[in-house]
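Heads up, the thing below is written out as structure tokens.
The values are calculated or read from the model by the stated rules, or taken from the named source; none is laboratory data. Worth saying up front: this structure is predicted, and the values here are computed from it rather than measured. Methodologically, a virtual Cβ is constructed for each residue, glycine included, from the backbone with ideal geometry; neighbour enumeration extends over all protein chains shown. Note: areas computed on protein heavy atoms with side chains; ligands, DNA, RNA excluded. Shrake-Rupley method; radii C 1.70, N 1.55, O 1.52, S 1.80 Å.
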Amino acid sequence: MTTPFNKTRKMKNKTHEVSVLFYVMATLFTTCLMAANLFALKQFSLGPAHFTGALLVFPLSYIINDVVAEVWGFRRARMLIWVAFAMNFLFVLLGALVDVLPGEGMNVEAFHSIFGLAPRVAIASFLAFLVGSFMNAMVMSKMKVRSEGKRFALRAVLSTLAGEACDSVIFFPIALAGVVEWSMMPTFVLWQVGLKTLYELLVLPVTVRVVRMVKRHEGVDVYDKGLRYSIFK
């Protein structure tokens with residue numbers, strides 16, 4: 001016999017369920033962040049500008065953020081961001097702990113070059129990620145409500161532009177202060193934001209198709225009407 005208490009408990013549990021597709025998105029999102037930390041060690045040039053290998057993978061996290069915020073809403077995007085942040089922090093922490101262990105052989109210096117992340121760079125990376133990711137999700141969510149779900153392409157580009165701008169404005173001054181001249185900081189920021197936004201534009205047709213497919217498969221299209229945009233709830 002099903003009691004009213006059991007019914008209530010079942011309904012409550014169902015509201016906290018997440019689908020397989022959401023798990024896939026969360027896994028990709030977290031993987032992109034971890035890969036970006038490692039790929040950042042590889043530097044390359046495009047004309048007069050200098051970049052790291054993270055440029056190729058980090059924008060994917062913003063695209064996934066767009067998809068999650070568009071389909072499941074800000075609440076699920078918030079959960080995605082915090083889970084990815086926790087996993088990335090754990091990965092960096094474990095790497096740092098292994099790095100301080102006594103080592104032997106030629107691989108010690110190579111390992112340290114990868115996992116011996118300077119505290120200032122780590123703080124800059126984590127803070128920039130949180131602010132940029134939440135800004136991206138918030139802009140996407142608010143614009144969706146105001147536009148009544150229309151003009152996804154425009155919302156995707158503008159939300160990425162806002163998120164990437166916040167990310168770069170926070171990361172470069174903190175991480176590179178004293179290493180790069182302050183007069184060069186605006187150039188670093190503008191190049192990073194511009195190329196990452198261009199990345200979003202190039203893959204936009206794929207992003208649009210993915211959003212349509214996920215909405216159709218999930219039967220979900222969340223509008224965050226009346227939502228209080230707290231990142232800690």
- For SER141, indicate whether it is within 18 Å of the chain's Cα centre (by Cα), within 22 Å of LEU195 (Cβ to Cβ) and either touching a residue at least 24 places away in the same chain (Cβ under 8 Å) or part of a helix (DSSP H, G or I) (or both). no
- Note: among LEU55, LEU80, just one is at pLDDT 90 or above, touching a helix residue (DSSP H, G or I) at 6+ places or on another chain (Cβ under 8 Å), within 30 Å of TRP191 (Cβ to Cβ) and crowded, with 16+ Cβ neighbours inside 10 Å, namely LEU80
- Query: Can you tell me which residues in segment 149-167 are in contact with a Phe, Trp or Tyr (Cβ under 8 Å, 6 or more places away or on another chain) and either surrounded by fewer than 21 Cβ atoms within 10 Å (Cβ to Cβ) or not in a helix (DSSP H, G or I) (or both)?
  - Reply: GLY149
- Task: Looking only at segment 117-128, decide whether some residue is touching a strand residue (DSSP E or B) at 6+ places or on another chain (Cβ under 9 Å) and open to solvent by 60 Å² or more (accessible area, probe 1.4 Å).
- Result: yes
- Name the pairs whose Cβ atoms lie under 8 Å apart, with the first residue in segment 177-199 and part of a helix (DSSP H, G or I), the second at pLDDT below 85 and open to solvent by 70 Å² or more (accessible area, probe 1.4 Å), and 6 or more positions between them or separate chains? LEU195/LEU46
- Given the conditions (1) at pLDDT 90 or above; (2) among the hydroxyl-bearing types (Ser, Thr, Tyr); (3) surrounded by fewer than 16 Cβ atoms within 10 Å (Cβ to Cβ), report the number of the one that TYR62 does not fulfil. (3)
- For VAL210, which of the numbered conditions (1) in a helix (DSSP H, G or I); (2) over 17 Å from the mean Cα position of the chain (by Cα); (3) without any contact (Cβ under 8 Å) to a residue 60 or more places away in the chain fails to hold? (3)
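Filter segment 213-233 for residues that are in a helix (DSSP H, G or I) and aliphatic (A, V, I, L, M); which is farthest from the chain's Cα centre (by Cα)?
Out of the qualifying residues, it is MET213.
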- Query: Would it be correct to say that GLY95 is touching a residue at least 12 places away in the same chain (Cβ under 8 Å), closer than 30 Å to MET185 by Cβ and more than 16 Å from the chain's Cα centre (by Cα)?
  - Reply: yes
- For ALA128, state whether it is at pLDDT below 95 and either closer than 21 Å to GLU200 by Cα or touching a Lys or Arg at 6+ places or on another chain (Cβ under 9 Å) (or both). yes
